[in-house]
Amino acid sequence: MENHFLIIGQGLAGSLLAYDMYKAGLQFTIVSDTENRQESDIVTRMYNTDVFERLAKTWLVDEVLQVMTNLYKNIEKDLGQQFLYPMDIVNVQNENEINVWDERIFDGDFSNFIDTTNKNWVKRGIDNLSLFDRTEKSGYVNLSKLLNGLKNFFKANGNLVEANFHYKDIGFINGDITWRGTTSKTIVFCEGHYASRNPYFKDVPFTPTKGELIEIECEELAEDYIVNKDMFVIPIGKHRFKVGTTQRFTDAGEEYTKNTLDDLLSRLDEVISMPYTVLNYWSGIRSTVSDDRPVLGVHPYNQNIAIFNGLGSKGVMLAPYFAREMVYSLVNKNYILSKEVDIRRFLS
């Protein structure tokens, strides 16, 4: 069982880790927990190269962007479906933000990712606003479609088990991990926000973050770019759009309330000027860590246990890069992970 891995959780982290293991020819079993829904199960997730609030580049964007694109394209080829949708982002700004943005365009670090735009380029639906800029090399990933496709792929290959996972079912025998008849060398926890109750990683400062998402239908709104202004409006085809917020640190329950829905609709009404119909509404919890960095690697006190978690709001960009890093560290005990993401920063 030297090269067999047991992956707990089939959200974004677990699925991409499993896919990299599959491509590397490693033996693994991924457990899709039927009790615990992860936020990525319902999400269409935007990816972007800039941090809008600080007008700065996204962390590690130069390293992760190409890895992300290549991995999703490979999955699309293997599964015969599209999941990655490149699309510019129109950012609604105030005058001060526009001035800073215009300066960034001539900065070599930013010029490949951002551009100016004008009201003539921004089409129908948001003509009640006048100041815009544009982020390039951005877009969205249909996560629910991606994860469902990978679930069926792993199941067809005999790598996936659907079961309720409980920590008490884990056994440690002769240097191996056992779980319901499966023997592995390493168990990798990819549980999303449920990691906050994992007894092996109780000292990791997880900070679960709530996000709300609605689906609307709007016949008149343009569908060739994403709109961003304290929220996002993502066109998904046939005059339908996903609208959501990226972070809410209060009210961490998965259920939604009328207040959160009203807040989201109020933000939407500030951005678009066309009538629309609300079709669906969801809430979900994503896993983040207090220092806003992923957490991965083998437990420093138990070499049979590892974790890959805390991807946060930039997960669709970061997960492909760090899934690869995770595989490297699992198969090569001498591989050194970045201190920014290594689990040992909390469990040293």
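The values are calculated or read from the model by the stated rules, or taken from the named source; none is laboratory data. Worth saying up front: this structure is predicted, and the values here are computed from it rather than measured. So basically every Cβ, Gly included, is an ideal-geometry build from the backbone, and we count neighbours across all protein chains shown.
Considering the range 179-200, and only residues there that are within 18 Å of THR34 (Cβ to Cβ) and among the basic types (Lys, Arg), the residue that is surrounded by the fewest Cβ atoms within 10 Å (Cβ to Cβ) turns out to be ARG197. Output the residue which, of all residues in the range 224-247 that are basic (Lys, Arg) and buried (at least 16 other Cβ atoms within 10 Å of the Cβ), is modelled with the lowest pLDDT. Looking at the filtered set, the residue picked out is LYS229. Any residue that is basic (Lys, Arg) and at pLDDT below 95 - is there at least one of those in the range 290-307? No, the range 290-307 has no match at all. Restricting attention to the range 325-342 and to residues that are crowded, with 17+ Cβ neighbours inside 10 Å and either over 20 Å from PHE201 (Cβ atoms) or free of Cβ contacts under 8 Å to residues at least 40 places away in the same chain (or both), the residue that is nearest to the chain's Cα centre (by Cα) turns out to be GLU325. Among the residues of the range 150-196, the one identified as assigned to a loop (DSSP other than H, G, I, E, B), closer than 24 Å to THR207 by Cα and in contact with a helix residue (DSSP H, G or I) (Cβ under 7 Å, 6 or more places away or on another chain) is CYS190. Taking the listed residues THR186, THR209, THR135, THR178, the one that is polar (S, T, N, Q) and free of Cβ contacts under 8 Å to residues at least 40 places away in the same chain is THR178, with no other qualifying.
Residues checked against (1) assigned to a loop (DSSP other than H, G, I, E, B); (2) closer than 22 Å to LEU143 by Cα; (3) modelled with pLDDT of 65 or more:
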site: TYR72; (1), (2), (3): no, yes, yes
site: ILE75; (1), (2), (3): no, yes, yes
site: GLN81; (1), (2), (3): yes, yes, yes
site: TYR85; (1), (2), (3): no, yes, yes
site: PHE106; (1), (2), (3): yes, no, no
site: LYS119; (1), (2), (3): yes, no, no
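Going through the range 254-275 one residue at a time, which ones are modelled with pLDDT under 80 and surrounded by 10 or more Cβ atoms within 10 Å (Cβ to Cβ)? Hits for the range 254-275 are GLU254, TYR256, THR257, THR260. Among the residues of the range 201-223, is any over 23 Å from ALA18 (Cα atoms), of a type in the set (Lys, Arg), surrounded by fewer than 20 Cβ atoms within 10 Å (Cβ to Cβ) and out of contact with any Pro (no Cβ under 6 Å at 6 or more places or on another chain)? Yes, the range 201-223 contains a residue that is over 23 Å from ALA18 (Cα atoms), of a type in the set (Lys, Arg), surrounded by fewer than 20 Cβ atoms within 10 Å (Cβ to Cβ) and out of contact with any Pro (no Cβ under 6 Å at 6 or more places or on another chain).
Does the range 330-343 include one or more residues that are of a type outside the set (D, E, K, R), in the same structural domain as GLU223 (by TED's automatic domain parsing) and over 23 Å from GLY139 (Cα atoms)? Taking every residue of the range 330-343 in turn, none turns out to be of a type outside the set (D, E, K, R), in the same structural domain as GLU223 (by TED's automatic domain parsing) and over 23 Å from GLY139 (Cα atoms). Residues that are of a type in the set (S, T, N, Q) and modelled with pLDDT under 95 within the range 333-348 comprise ASN334, SER348, listed in sequence order. Identify the residue in the range 131-152 that is of a type outside the set (A, V, I, L, M) and in contact with an Asp or Glu (Cβ under 7 Å, 6 or more places away or on another chain) and, among all such residues, is surrounded by the fewest Cβ atoms within 10 Å (Cβ to Cβ). That would be SER144. Look at the range 73-91: where a residue is closer than 24 Å to PHE241 by Cα and a partner is of a type in the set (Asp, Glu) and at pLDDT 95 or above, sitting 6+ places away or on another chain with Cβ atoms under 8 Å, you get GLN82/GLU76; PHE83/GLU76; LEU84/GLU76.
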